[in-house]
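Engineer: After the structure tokens below, expect a handful of questions from me.
The values are calculated or read from the model by the stated rules, or taken from the named source; none is laboratory data. Model, not experiment: these values are computed from the prediction. Note that each Cβ is placed from the backbone with ideal geometry, even for glycine, and that neighbours are counted across all protein chains shown. The accessibility values were calculated without ligands, DNA or RNA, using every heavy atom of the protein model including side chains. Shrake-Rupley method; radii C 1.70, N 1.55, O 1.52, S 1.80 Å.
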Amino acid sequence: MKLLLKTFRNGLGALIALISRLIPVKKIKRNSQAQEAANTKAKNIELYQFFACPFCIMSRRVIRGLNIKIITRDAQTQGGVYREEMMKETGKVQVPCLKITDGNKVSWMFESADIKAYLEQEFGQ
Ligand SMILES: N[C@@H](CCC(=O)N[C@@H](CS)C(=O)NCC(=O)O)C(=O)O
């Protein structure tokens with residue numbers, strides 16, 4: 001029963017993720033210099049996520065709207081390198097989560113609302 005529910009939830013999430021990809025997002029426009037600066041800054045950020053998690057789908061839409069490329073890391077696969085890393089570094093697996101690298105300093109940000117606010121502050125206009 002539990003497995004059935006999990007399968008249903010994942011299937012529904014995957015469907016929502018695919019539909020979300022089909023629905024266009026209004027993207028911020030920048031001049032080429034500003035876009036280059038945003039791209040460079042975005043290289044320091046990684047999104048730890050599950051493909052079909054609704055909160056992750058929302059975060060990915062925010063990222064698309066901000067017109068930046070952020071590397072996504074699969075934290076779902078049991079025993080996977082990114083799931084293990086997240087567990088080791090933060091003590092839990094909760095997605096979405098941003099890993100922000102600033103020189104030698106690494107910080108982890110949970111909560112989709114906080115992630116949205118942070119990204120909009122860093123990359124919004
Ligand atoms: N309040 C959180 C909720 C995030 C959440 O519930 N994430 C679920 C996936 S949808 C999770 O990380 N579950 C951990 C797991 O399944 O191991 C947010 O808005 O980011």
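Engineer: Here are the criteria: (1) closer than 23 Å to residue 12 by Cβ; (2) outside any helix (DSSP H, G or I); (3) touching a residue at least 12 places away in the same chain (Cβ under 8 Å); (4) over 10 Å from the mean Cα position of the chain (by Cα). Tell me which single one residue 125 does not satisfy.
Structural biologist: (1)
Engineer: Within region 90-116, take every residue that is exposed (fewer than 14 other Cβ atoms within 10 Å of the Cβ) and in a helix (DSSP H, G or I) and give me the one that is nearest to the ligand (Cβ to nearest atom).
Structural biologist: Taking region 90-116 first, the residues exposed (fewer than 14 other Cβ atoms within 10 Å of the Cβ) are 91-92, 101-107, 113-114.
Within this subset, residues satisfying the condition of being in a helix (DSSP H, G or I) are 113-114.
On the way: 113: 6, 114: 8 Å.
Restricting to residues being exposed (fewer than 14 other Cβ atoms within 10 Å of the Cβ) and in a helix (DSSP H, G or I), the top hit is 113.
Engineer: Could you please tell me which pairs satisfy a Cβ distance under 6 Å, a separation of 6+ or placement on different chains, a first residue in region 28-45 that is closer than 12 Å to residue 67 by Cβ, and a second residue that is part of a helix (DSSP H, G or I) and open to solvent by less than 60 Å² (accessible area, probe 1.4 Å)?
Structural biologist: 38/123
Engineer: Follow-up question, since we're still on this one. Could you tell me whether any residue of region 16-32 is surrounded by 14 or more Cβ atoms within 10 Å (Cβ to Cβ) and within 19 Å of residue 100 (Cβ to Cβ)?
Structural biologist: So far as region 16-32 goes, no, none of its residues is surrounded by 14 or more Cβ atoms within 10 Å (Cβ to Cβ) and within 19 Å of residue 100 (Cβ to Cβ).
Engineer: Here are the criteria: (1) surrounded by 14 or more Cβ atoms within 10 Å (Cβ to Cβ); (2) hydrophobic (A, V, I, L, M, F, W, C); (3) more than 11 Å from the ligand (Cβ to nearest atom). Tell me which single one residue 58 does not satisfy.
Structural biologist: Answer for residue 58: the failing condition is (3).
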